[in-house]
Amino acid sequence: MLQHCIHQRKIGGVVCRRADGVAIDANKNIYVTQNTTSNIIKVPYNSVTNTYGASVVFASVADVGQILLSPDGTTLYVSTYTQIKKINIATAAVSVLAGSGASGTADGTGLNATFSFAKYLAWDNNGNILVAEANLPVRLVTLAGVVTTLPLFANASSLSPHQNTIVQTR
């Protein structure tokens, strides 16, 4: 079904123009982010029939990119160009974890931090979110919304293009 979305551009009944991120929860539900439509698509799993149902728009987040499922399975975290947002899976309520919505590289808490094209998300070993930005800074975001630029990347703009490829995802 997910492969169908990526290659055929349709999943269930919802057109999928481009899958930017994918997460699967403990109940086997699939969540797909689509930057081109600002949608997060949910493909529900039916454990009785062991099949996937028709996809639905689960939430809308402007400029949505990557998606990350919390270790406890209750929250989805998504990147936008300038924010990290969290979505409660039970209610589909969307809120801002960090980022003012303005472009920049300021560390801070919640809306006092800025991002410049937050692109990739990953968990560290301490339950914090690592955010890789397009212009190279790697930021650490706690679940309390505290954003810190990792020291190794604080002066990333001075690195050569060859050094940049070390942390870029292909």
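The values are calculated or read from the model by the stated rules, or taken from the named source; none is laboratory data. Keep in mind it's a predicted model, so treat the numbers as computed, not measured. Note that we place each Cβ from the backbone using ideal geometry, even for glycine, and neighbour counts take in every protein chain shown. Each accessible area value is taken on the protein alone, full model and side chains, heavy atoms only, with ligands, DNA and RNA left out. Shrake-Rupley method; radii C 1.70, N 1.55, O 1.52, S 1.80 Å.
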Net charge within 9 Å of Val32 by Cβ-Cβ distance, Lys/Arg positive one each and Asp/Glu negative one each, not counting Val32 itself?
0
Can you put Val57, Val141 in order of accessible area, largest first, using a 1.4 Å probe?
Val57, Val141
So, counting K/R as plus one and D/E as minus one, what does the shell of residues with Cβ under 13 Å around Tyr81 add up to?
-1
Summing Lys, Arg as +1 and Asp, Glu as -1, what charge do residues with Cβ under 12 Å from the Cβ of Val94 carry, Val94 excluded?
+2
Could you sort 30-36, 71-77 so that the peptide with the highest average Cβ count within 10 Å comes first and the rest follow in order?
30-36, 71-77
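When the chain is fully extended, how far beyond the present Cα-Cα distance does Leu143 get from Ala26, taking 0.36 nm per residue of separation?
40.1 nm
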Solvent-accessible surface ranking, highest first, for Ser60, Ser55 at 1.4 angstrom:
Ser60, Ser55
Under a plain spin-label model, where a point goes 7 Å from the Cα along Cα-to-Cβ, how far apart in nm are Ser38 and Ala134?
1.7 nm
